[in-house]
Amino acid sequence: MNIGSEAQNRNMVNELNVDEGEYSEPVSPTGQYFNSSELSICVLAVLDSDIPIDDSPALALLKDVFLPINPRFSSLMVKDENGVKQWKKVEVQLEDHVNIPNFPPGLSPESYDNHLSNYLSKIAMEQLPHNRPLWNIHIIKYPTSNAAGNLIFKLHHSLGDGFSLMGALLSCLQRADNPSVPLTFPSLTSAPTTPSLSLKTNCIFKNIPNVLWSAF
């Protein structure tokens, strides 16, 4: 994605009524490379739902839960007066980020599998608009073979690495049976490890999300 000229960025900022001096942080070299004329990479995260998805609380949840996770979710990547790329806070128009596609009604789950696959291919190839924060969501309200509905997050890789972005998304979720209990996932069978190695590995991975947010 080409960020465009300094004049284009200034016009974009003026259209969004953003103070030209309000930069939240510089864009890291990695973030700049992932959103440049040479390269534009996004992360697609697909969440399955066991029950049909009600989209009515979507905007409130995005505002109260998703946006506060990281200021980049409500920021644009623009060039400052010196040509340096910065993250600039803006007022997010959440309606512009929520997409609810229409598939043909009354099809079998297997048919909706194909529609979902084709839709994922389509949005994977589309560039995110650079005149608003670099993410959007897609709410799929059709039953497939694996789920009663799907929630798709498309997040630009300049916002963070995949590990940190997935951690951010999972932090928005709660257990249905007991919201006060942390999320758990089925354990994977793995080769036995020594206690000391397992302990060291856990300590290392606990610090990875914060380190990777900083790197991006």
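The values are calculated or read from the model by the stated rules, or taken from the named source; none is laboratory data. Being a predicted model, the structure only gives us computed values, none of them experimental. Every residue, glycine among them, receives a Cβ derived from its backbone with ideal geometry; neighbour counts consider all protein chains shown.
Laid out as a table, the results:
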{"quantity": "Test: residue in region 112-123 that is within 24 Å of Gly160 (Cβ to Cβ) and hydrophobic (A, V, I, L, M, F, W, C)", "calculated": "yes"}
{"quantity": "Residue that is basic (Lys, Arg) and free of Cβ contacts under 8 Å to residues at least 12 places away in the same chain, where the choices are Lys141, Lys89, Lys154, Lys122", "calculated": "Lys122"}
{"quantity": "Tyr112 vs. criteria in a helix (DSSP H, G or I) and not aliphatic (A, V, I, L, M)", "calculated": "yes"}
{"quantity": "Enumeration of residues in region 88-104 that are assigned to a loop (DSSP other than H, G, I, E, B), under 16 Å from Ile53 (Cβ atoms) and of a type outside the set (Phe, Trp, Tyr)", "calculated": "Ile100, Pro101, Asn102"}
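Rundown of residues vs (1) modelled with pLDDT under 95; (2) surrounded by 16 or more Cβ atoms within 10 Å (Cβ to Cβ), yes/no style:
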{"position": "Thr30", "(1), (2)": "yes, no"}
{"position": "Tyr33", "(1), (2)": "yes, no"}
{"position": "Val43", "(1), (2)": "yes, yes"}
{"position": "Phe66", "(1), (2)": "yes, yes"}
{"position": "Lys85", "(1), (2)": "yes, yes"}
{"position": "Leu94", "(1), (2)": "no, yes"}
{"position": "Ile100", "(1), (2)": "no, no"}
{"position": "Leu107", "(1), (2)": "no, no"}
{"position": "Asn114", "(1), (2)": "no, no"}
